[in-house]
Amino acid sequence: MPDVLKGIIASSHDSIKFPYTAGEQANKKAQFAAMYGFPNVIGAIDCTHVAIRAPNVNENTFINRKHFHSINVQIICDADMLLTNVVARWPGSTHDSFILRHSSVGRRLEAGAIRDGWLLGDSGYPLKQWLLTPFLNPHSAEERHYNMCHSRARAIVERTIGLFKGRWRCLDCTGGRLLYTPEKVCQIVLACAVLHNVAQLKNVPLPPGADCCVGPDPEPHPHAFEPNAAAVRQRLEVMRRL
């Protein structure tokens with residue numbers, strides 16, 4: 001079984017790919033624009049918790065805001081519910097924004113890898129030129145309309161997580177918790193992510209009832225991030241376009 005797990009994980013670089021090239025981005029943008037009317041979106045981002053048995057080392061770091069032990073997994077998806085980035089290595093107490101900041105995607109986007117496009121994230125993330133978040137306290141009709149459009153498009157990542165965990169019930173708290181070491185759980189998550197994309201591309205149907213039993217994730221705690229002036233201007237421009 002370990003060899004099977006390693007074999008599946010070895011294909012993750014080919015199966016789970018973030019759209020860095022202009023051609024790849026054009027396809028993702030067209031999908032989001034056609035389905036949600038939101039411009040220039042290359043993906044939606046969120047995190048989800050995978051319940052685990054209390055580990056023997058650094059146990060407290062694995063306790064999340066819902067007070068159970070978990071791995072906090074970063075998910076980025078496209079409009080077709082394909083996973084384009086999965087980071088499974090951080091304990092449950094780790095904040096979503098920290099995971100993004102220390103991920104390869106986060107570092108590359110911060111370094112300017114994407115010049116014309118953005119991710120959609122919730123208020124647990126900082127507003128960036130490459131990451132659009134909602135207005136925390138919308139005051140105008142324009143801001144409320146932007147938030148509505150943003151929420152509708154970003155919801156694809158929540159549905160993707162529901163589909164992902166509905167297909168692989170071992171990852172969802174309604175299916176119990178994984179009784180392995182954190183390192184082994186992270187390997188299982190990544191293998192399931194590879195198989196999720198294969199299933200999506202092959203149109204493999206979900207088992208009956210698998211999409212309606214997924215437990216809720218702990219809500220991220222909104223941080224008071226330092227405002228980025230260029231990102232603030234860009235969000236206002238997008239708001240006016242919408």
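Tabulated data for the structure shown
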read-out	value
Among (1) among the basic types (Lys, Arg); (2) touching a strand residue (DSSP E or B) at 6+ places or on another chain (Cβ under 8 Å); (3) not in a helix (DSSP H, G or I), the one test that ARG115 misses	(2)
Selection within region 172-185 - modelled with pLDDT of 95 or more and surrounded by 20 or more Cβ atoms within 10 Å (Cβ to Cβ)	PRO182, VAL185
Which numbered condition ASP14 misses (of (1) in a helix (DSSP H, G or I); (2) surrounded by 13 or more Cβ atoms within 10 Å (Cβ to Cβ))	(2)
Complete set of residues in region 150-168 that are in contact with a helix residue (DSSP H, G or I) (Cβ under 8 Å, 6 or more places away or on another chain) and open to solvent by 10 Å² or more (accessible area, probe 1.4 Å)	ARG152, LEU163, ARG167, TRP168
Yes/no for ARG89 being touching a residue at least 12 places away in the same chain (Cβ under 8 Å), over 13 Å from the mean Cα position of the chain (by Cα) and within 26 Å of VAL198 (Cα to Cα)	yes
Flag for ALA155 being among the aliphatic types (A, V, I, L, M) and more than 18 Å from the chain's Cα centre (by Cα)	no
Candidate set from region 81-96 (those that are part of a strand (DSSP E or B) and not polar (S, T, N, Q)); member that is surrounded by the most Cβ atoms within 10 Å (Cβ to Cβ)	LEU83
Residue count, region 27-61 (criterion: among the hydrophobic types (A, V, I, L, M, F, W, C) and either open to solvent by 20 Å² or more (accessible area, probe 1.4 Å) or at positive phi (or both))	6
Checking TRP130 against (1) open to solvent by less than 10 Å² (accessible area, probe 1.4 Å); (2) touching a Gly at 6+ places or on another chain (Cβ under 9 Å); (3) not hydroxyl-bearing (Ser, Thr, Tyr), the condition it does not meet	(1)
Residue list for region 129-149, filter: assigned to a helix (DSSP H, G or I) and either without any contact (Cβ under 8 Å) to a residue 12 or more places away in the chain or in contact with an Asp or Glu (Cβ under 9 Å, 6 or more places away or on another chain) (or both)	ALA141, ARG144, MET148
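This table checks each residue for (1) in contact with a helix residue (DSSP H, G or I) (Cβ under 8 Å, 6 or more places away or on another chain); (2) in a helix (DSSP H, G or I).
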site	(1), (2)
VAL4	no, yes
GLY23	no, yes
ALA34	no, yes
PHE38	yes, no
HIS49	yes, no
HIS67	no, no
SER70	yes, no
ALA79	yes, no
PHE98	no, yes
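The values are calculated or read from the model by the stated rules, or taken from the named source; none is laboratory data. Here the structure is a predicted model, which is why all the values come from computation and not from measurement. In this analysis, Cβ positions are derived from the backbone assuming ideal geometry, glycine residues included, and neighbour counts consider all displayed protein chains. Only protein heavy atoms, including side chains, enter the accessible area calculation; ligands, DNA and RNA are left aside. Shrake-Rupley method; radii C 1.70, N 1.55, O 1.52, S 1.80 Å.
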